[in-house]
Every structure is written in structure tokens, then in C-alpha cells.
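All of the numbers you see were taken from the coordinates with simple rules; none came from a lab. Please read all numbers here as calculations on a predicted model, not as lab measurements. We place every Cβ from the backbone using ideal geometry, glycine too, and count neighbours over all the protein chains shown.
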Amino acid sequence: MFFILKALVVIVFGYLALMAGMYWGQRKLQYFPDRNPPGNPADVGLKEMKSVKVETSDGLELVAWFAPPKEKTGKIVIVYHGNAGNIANRAIKAAHFMERGRGVFMCEYRGYGGNPGKPTEEGFYIDARAAIKWLEDQGYTTGQFVIYGESIGTGVAVQMASEIQPRQLILEAPFSSATDVAKRSYGFIPVDMLILDRFDSLAKIPKIKTSLFIIHGDEDAVIPIDLSKKLFELANHPKEFITIERGGHSDLYNHHAGHVIGDWLDKQVSAERAA
């Protein structure tokens with residue numbers, strides 16, 4: 001009996017120690033920044049883009065990339081990328097929009113791409129707002145903004161869309177909440193009690209009244225497609241959901257996602273002009 005009790009004590013304390021370790025180290029499990037500066041946009045084939053500096057409300061100076069639209073009043077796609085790498089890794093996305101005459105603002109987060117600070121959910125929101133303010137300071141308006149989120153960046157995109165209500169919102173591999181994603185991998189711990197950065201898009205999506213486009217790979221092993229559909233179900237119309245067959249989490253542009261998204265946005269712009 002003594003040995004059984006001792007074993008139970010070891011198991012309980014080991015479990016508590018595991019939970020404590022995961023609680024204090026959870027952001028290292030959630031964010032994987034490439035802290036190296038992204039370099040010059042031309043180095044990755046984006047000759048029309050320039051590096052710009054954005055100041056956040058809490059005093060950080062962040063480097064981002066920007067290319068203006070071909071027409072001064074044209075659309076500008078504001079890209080909030082995923083939890084790994086930096087903006088240089090998303091050159092293919094920017095190129096697709098620029099080829100169609102769209103402006104592109106590649107928002108870079110704190111702690112990424114040589115920027116100061118550490119990644120957090122609230123920090124990401126501050127950085128995202130700073131990007132929008134920078135564009136407004138250049139004379140662009142909310143009606144021109146297309147909010148684009150990728151993976152964890154969809155949580156940022158949904159937050160920004162709930163605040164400024166742009167005319168278009170594009171979500172690539174989104175999720176209902178970071179809590180739901182974490183439960184799939186860490187179902188053995190009380191995620192609801194421990195998670196700090198929740199990115200609860202499910203609670204926010206009903207507040208957004210804009211044209212929504214969601215695209216997701218049916219073989220996504222990082223964010224299961226059912227979490228994306230869960231978000232889509234609560235979203236307001238007009239909305240469209242596209243499944244990329246054999247698409248994973250970060251390879252959708254290898255499966256022509258750029259063309260699919262670009263065509264959808266072209267239709268949106270044509271409808272606006274005809275209205």
C-alpha cells in the first residue's frame with residue numbers, strides 16, 4: 001500500500017510540475033519567430049516594396065514592408081502572417097496581390113524580423129493597429145483595406161476586422177480559438193485554465209459585417225479544417241469557404257491558393273465599382 005501511495009504522489013507531483021512548466025513556457029510553444037532582419041524586399045523579388053518603420057502605441061519601432069497600390073484609391077492588402085518565420089517568408093503572397101495592382105502592407109510583429117519586444121497576443125494587436133494607423137497617416141482610408149490573416153495571424157485579422165470593419169476579410173487556415181487548437185495537442189492538461197494567449201476568433205466573428213473569404217487545406221495537420229468550418233458557421237454573410245484538396249498548413253500557395261484568393265478579391269472590387 002505504501003508503494004502505491006508513493007507512486008501516486010510521484011505521478012501527481014510530476015503532473016503538476018509538467019503543467020507548471022507548460023504554463024510558464026507556453027509562449028515558446030506558441031510562437032516561433034525568425035528574429036533575423038528580413039533584409040531588402042528586392043532580395044526576395046519584391047522590387048516595388050520598400051522597408052518602412054512603424055511606431056506602436058507602447059513605444060516600439062517596428063520594421064515592415066509596403067508597396068502602394070497602382071491606383072492611389074486602390075485596395076491595400078494588410079497581411080498578418082503566422083507564428084513562424086518573418087515577413088520575408090511570405091514574399092509569394094505579396095507578389096500575387098501586387099501583380100494584380102493591389103497595394104500590400106506586410107505587417108511585422110514585435111520579436112520578429114529584427115524587431116524589438118516579445119510576442120504576445122495583445123502585443124500583436126498593438127502592432128496590427130500601428131500598421132493600420134501608419135497607412136491612415138499616409139492618406140489611405142479604411143475602405144481601401146483588405147485584412148488578410150494567415151494561421152495565428154487570422155486571430156489578429158479577426159480582431160482588426162472587428163475594430164475597423166473593412167470591406168473584405170481573408171482568412172487562410174484560420175481557427176475558432178487558440179484554446180481549441182491547443183486542446184488537440186495537449187488534451188491531457190486543463191488548457192482552458194492555463195492558456196494566456198487565446199485568440200478567441202469564435203467570440204468575435206459574429207460582430208464582423210464584411211465580405212469574408214476563408215481558405216483551408218483538407219490535409220492541414222496543424223489547424224484541423226473543422227476548426228475553420230466552426231468559425232465559418234458563426235460568420236455573417238456574405239461569406240465563402242474554399243477547401244484546397246491535398247493542401248497542408250503552409251503550402252496552399254503551391255496549390256494555386258494565390259490565384260483563387262486573387263480572383264475572389266477581383267470580383268469584390270468589380271462589385272464595389274458597379275454599386
- Among LEU194, LEU252, LEU46, determine the one that fluctuates most according to a GNM of the chain built with springs between C-alpha atoms less than 10 Å apart. LEU194
- Item | 0 to 90° range, to nearest 10: angle between helix 2-24 axis and the chain longest Cα axis | 20
- How far is helix 225-234 tilted off the main Cα axis of the chain, in degrees rounded to 10, range 0 to 90? 70
- Can you give the extra length, in nm with one decimal, that the chain gains between SER270 and ASP226 once fully stretched, where that is 0.36 nm per residue apart less the Cα-Cα distance? 12.7 nm
- Item | Ellipsoid semi-axes in whole angstrom, largest first, where each is sqrt(5λ) of the Cα gyration tensor of the chain | 36, 21, 17
- Query: For helix 257-274, what angle does its Cα long axis make with the longest principal axis of the chain, in degrees from 0 to 90 and rounded to 10?
  - Reply: 50
- Evaluate the relative contact order of the chain (contact order divided by residue number), counting alpha-carbon pairs under 8 angstrom at least 6 apart; express in whole percent. 14
- Query: In nm, to one decimal, how far is the modelled label at TYR186 from the one at HIS256, with both set 7 Å along Cα→Cβ?
  - Reply: 4.0
- Item | the stretch 169-202: chymotrypsin sites (Phe, Trp or Tyr not before Pro) in DSSP coil with no more than 11 other Cβ atoms inside 10 Å | PHE188
- Expected unfolding gain across THR141-LYS207 under the 0.36 nm per residue rule, minus the alpha-carbon gap, is 21.7 nm
- Amide H to amide H, which residues 5 or more places from ASN83 or on other chains are under 5 Å from it, using H placed in the peptide plane? ILE152, GLY153
- Query: Order of 263-275, 219-231 by packing, highest average Cβ count within 10 Å first?
  - Reply: 219-231, 263-275
